[in-house]
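Read the structure below first, then the notes.
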């Protein structure tokens, strides 16, 4: 009789970090000769063939003939999936990608605030029934421990494959971005959902200060999925009121080829986010040899690992001066790019897969602890 370790996840979507991680975890488990399926509440049509519906989990595992080594839940949002996971009797593994505290959404999106509140409540409940907890970062693991997880915990970075950036480049988009450089000025880039915790509002203020004091022809590209409507509208108003509306481009629903072009054209990646459980775009910037200026909050210092300029103060002029220093000091820029390439090796898919297998060993060997 074979053995199985399946995953539960609320949704699986194209281009989603947790979705990509889930697929790579499945592949790693299958390479261990484990039966492994992904059970979801909903999935994007492009990846629907990779999944089974959550309602089929109990019957599927009962009739498949495989011995259940455990079940893993990808926890990143509040969802009904957590309730099924909580009720299962097999050894349970939580893979935690962090859930934004609800106060960030208060006043901007009441529904999103409710979802994150539910998610964090579920996160706490799962700690009472969990045999092993994984976190993308030590910051995430500390969050679990603070909320009562007494089971063994391990840091397992998100499983990431950046090679797609080298295969998918929208050459027309890249050409447009390069033509804009003909007028002079540097290109700032930030990639992340348009949401209050990502602090695009602080980024706009810093960019306006940079245009006033250092580079009046600079451009800012903000790319990410849509967030709270009120917040997005406020960002557009802020850009206009700060006098930089014509220099800021908001990119939403960005195809992978266009995102590749944005990274290739960028001169600096600036992150002023206050809540990140990992922050994959930092690694994407390193992959494209784009130097990073970042606010030292949440998991950002850990993910950067010294491969960027970290700021403990994100007042607009402080950020503006830091960006100017990085862009005008060729030696500093070269050191930061080199440090980024070195740091990126720590997150190679071979290394993160090996770390996952190592962390799962107690469960797979039949000795999970609570």
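Structure notes:
- Options 317, 344, 311; residue that is within 20 Å of residue 295 (Cα to Cα) and touching a strand residue (DSSP E or B) at 6+ places or on another chain (Cβ under 7 Å): 311
- The condition of being touching a residue at least 60 places away in the same chain (Cβ under 8 Å) and either within 15 Å of the chain's Cα centre (by Cα) or in a strand (DSSP E or B) (or both) holds for residue 285.
- Condition met for residue 177 (assigned to a helix (DSSP H, G or I) and either surrounded by fewer than 15 Cβ atoms within 10 Å (Cβ to Cβ) or assigned by TED's automatic domain parsing to the domain that holds residue 322 (or both)): yes
- Any hit, the range 97-106, residues being in a helix (DSSP H, G or I), in the same structural domain as residue 142 (by TED's automatic domain parsing) and at pLDDT below 95: no
- Residue list for the range 299-315, filter: part of a loop (DSSP other than H, G, I, E, B), more than 18 Å from residue 17 (Cα to Cα) and touching a helix residue (DSSP H, G or I) at 6+ places or on another chain (Cβ under 7 Å): 305, 306, 307, 308, 314
- Condition check for residue 118: in a loop (DSSP other than H, G, I, E, B) and surrounded by fewer than 21 Cβ atoms within 10 Å (Cβ to Cβ): no
- 3 or more residues touching a strand residue (DSSP E or B) at 6+ places or on another chain (Cβ under 9 Å), crowded, with 17+ Cβ neighbours inside 10 Å and in contact (Cβ under 8 Å) with a residue 60 or more places away in the chain: qualifying helices (runs of 4 or more DSSP H) within the range 1-91: 17-31, 81-87
- Residue check, residue 109 over 15 Å from residue 73 (Cα atoms) and surrounded by fewer than 22 Cβ atoms within 10 Å (Cβ to Cβ): yes
- If the condition is being more than 14 Å from residue 248 (Cα to Cα) and over 23 Å from the mean Cα position of the chain (by Cα), then the range 184-214 contributes 184, 212, 213, 214.
- Looking only at the range 128-148, and only at residues there that are in a loop (DSSP other than H, G, I, E, B) and surrounded by 20 or more Cβ atoms within 10 Å (Cβ to Cβ), the one that is modelled with the lowest pLDDT: 130
- The single residue among 285, 294, 261, 322 that is under 22 Å from residue 177 (Cβ atoms), in contact with a strand residue (DSSP E or B) (Cβ under 7 Å, 6 or more places away or on another chain) and surrounded by 17 or more Cβ atoms within 10 Å (Cβ to Cβ) turns out to be 285.
- Any hit, the range 328-336, residues being within 23 Å of the chain's Cα centre (by Cα), in the same structural domain as residue 207 (by TED's automatic domain parsing) and at pLDDT 95 or above: yes
The values are calculated or read from the model by the stated rules, or taken from the named source; none is laboratory data. Owing to the predicted nature of the structure, the values given are computational and were not obtained by experimental measurement. Methodologically, a virtual Cβ is constructed for each residue, glycine included, from the backbone with ideal geometry; neighbour enumeration extends over all protein chains shown.
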